[in-house]
Amino acid sequence: MTRPDMAGDLIARHRAQAATLAADREADAAAADFRLAPTAVSPTDRLMFISFGSGSSGNCAYLGNGKEGILIDAGVDPDTVKARMRDNGIDFKGVRGILVTHDHSDHVRFAYKLLRKQNHMLMYATPRTLSGMLRRHSISSRIKDYHKPIYKEHPFDIGAMRITPFETSHDGTDNVGFHIAYGSYHKFVVMTDTGHITERGDFYIRQAHYLMIESNYDARMLADGAYPEYLKARIASDHGHMDNAHTASYLASAASEGISHVFLCHLSHDNNTPELALSASRKALETVGLSVGDASGSLDTRDADVQLTALPRFDTSPLYVFREPKQV
């Protein structure tokens, strides 16, 4: 085929695709392998985030535009997730999949119940994570029917989101964080359950506008607490969790890169308090000259350099709506 013929053929194909875009998207959603092609994002599109629980009792959050989105982990019961989504006007049928960070129970306990009979959803996890889920927990082997293998540093698309898994440092069978890009502006990074900031984690965090990062324990509370010594050592290890001081110090070095919102996550019920975690990070950010708001949207703090909050352990957070800044 000559080059003019090829060009004409491509133009005709693109026109046909544009004319049938809506039908194609519906067909993709119902396809046997449930794959969704990337879709264009309007500059006015909003990105929405809500957490349904964050901590060793259960972790699950939603990220999307209200009509189409994803769940991050599956450690909160489906009734709660669906009810809180409904309360906030988010359609559960628009959830295209679950991103799994690792195979610990508080992140995967309700994965199959969330997926069961939901033909529009897949579970995105590394092969080793799936193996660990089936080996460690009483989860139906039918979850394999919903599994979409993912690999670290290999981007994949869910709707209009481009997602890149990266290495974290924890004691799960396999452990990942996620860099999630939505449209030309929004970049959200998930960095939970990690003993330290990995090199690749640092790389993606410095590109982020919104960061969900672990601030698990206060070192003094852990040292003086009732946990057995082996458990204290596990938590404080490089493959355990990050303490408030570690997280705060890192934020001070990274937040000036352009992060507008920080969500402290996975706070320990026994060895931390929201007040201690927030105080440590706020002081560190202010020390490097950044103003810090409380993410409430109040007139007093909404223009701060960084909005900082701690995600509730047992309860649902407020719904956070991110908008692309207007061009001046």
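The values are calculated or read from the model by the stated rules, or taken from the named source; none is laboratory data. Quick caveat: nothing in here was measured; it's all calculated off a predicted structure. Glycine also receives a Cβ, built like all others from the backbone with ideal geometry; neighbour counts cover every protein chain displayed. We work out accessible area using only protein heavy atoms, side chains counted, and drop any ligands, DNA or RNA first. Shrake-Rupley method; radii C 1.70, N 1.55, O 1.52, S 1.80 Å.
May I ask for the net charge around LEU99, where only other residues with Cβ less than 11 Å from the Cβ of LEU99 are counted and Lys, Arg are +1 while Asp, Glu are -1? Here the charged neighbours net out to +1.
When the chain is treated as a Gaussian network with alpha carbon springs shorter than 10 Å, the biggest mean-square fluctuation among LEU134, LEU311, LEU278 belongs to LEU134.
Just checking the listed ones, ASP145, ASP77, ASP238: in the Gaussian network model of the chain with Cα springs under 10 Å, the one fluctuating most is ASP145.
Radius of gyration (Cα atoms) of the range 46-130, expressed as a multiple of 2.2 N^0.38 Å: 0.98. Expressed to the nearest 5 percent, the antiparallel share of DSSP beta bridges inside the range 177-218 is 55 percent.
Per-atom-type breakdown for the range 162-201 gives carbon and sulfur 44% of the accessible area (1.4 Å probe, protein chains only).
Only Lys, Arg, Asp and Glu carry charge here, each on its Cβ (+1 for the first two, -1 for the last two); on that basis the range 149-223 has a dipole of about 280 debye about its Cα centre.
DSSP assigns beta bridges within the chain; of those with both partners inside it, close to 50 percent run antiparallel.
The residues packed around ASP218, meaning those with a beta-carbon under 12 Å from its beta-carbon, carry a net charge of -3 if Lys and Arg are +1 and Asp and Glu are -1. Annotation: amide H of THR194 within the under-5 Å range of MET242, sequence separation 5 or more or interchain, hydrogens built in the peptide plane.
With both residues required to sit in the range 142-282, DSSP beta bridges show an antiparallel share near 60%.
How high is the FRET efficiency between SER140 and GLU199 when r is their beta carbon distance and R₀ equals 56 Å, given to the nearest 0.05? Once the sixth-power term is evaluated, E becomes 0.95. In the distance distribution for the range 180-288, Cα-Cα pairs more than 19 Å apart total 43 percent. Per residue, the accessible area of the chain comes to 47 Å² when a 1.4 Å probe rolls over the protein heavy atoms. If you fit an axis through the alpha-carbon atoms of helix 3-19 and take the longest principal axis of the Cα set of the chain, what angle between them do you get, 0 to 90°, nearest 10? On a 0 to 90 degree scale, this one is about 70. Under a model in which nothing but the beta-carbon of Lys, Arg (+1) and Asp, Glu (-1) is charged, the range 179-256 shows a dipole of about 240 debye around its Cα centre.
The GNM of the chain, with springs linking C-alpha atoms under 10 angstrom apart, assigns the highest mean-square fluctuation among LEU264, LEU71, LEU299 to LEU299. Simple point charges give the picture: +1 on the Cβ of Lys and Arg, -1 on the Cβ of Asp and Glu, and for the chain a dipole about the Cα centre of about 1040 debye. Compactness check for the range 256-300: Cα Rg over 2.2 N^0.38 Å is 1.26.
In plain terms, the bigger the Kirkwood radius, the slower the diffusion; for the chain, with that radius from Cα pairs, at 10 °C and 1.306 mPa s, Stokes-Einstein puts D at 77 µm²/s.
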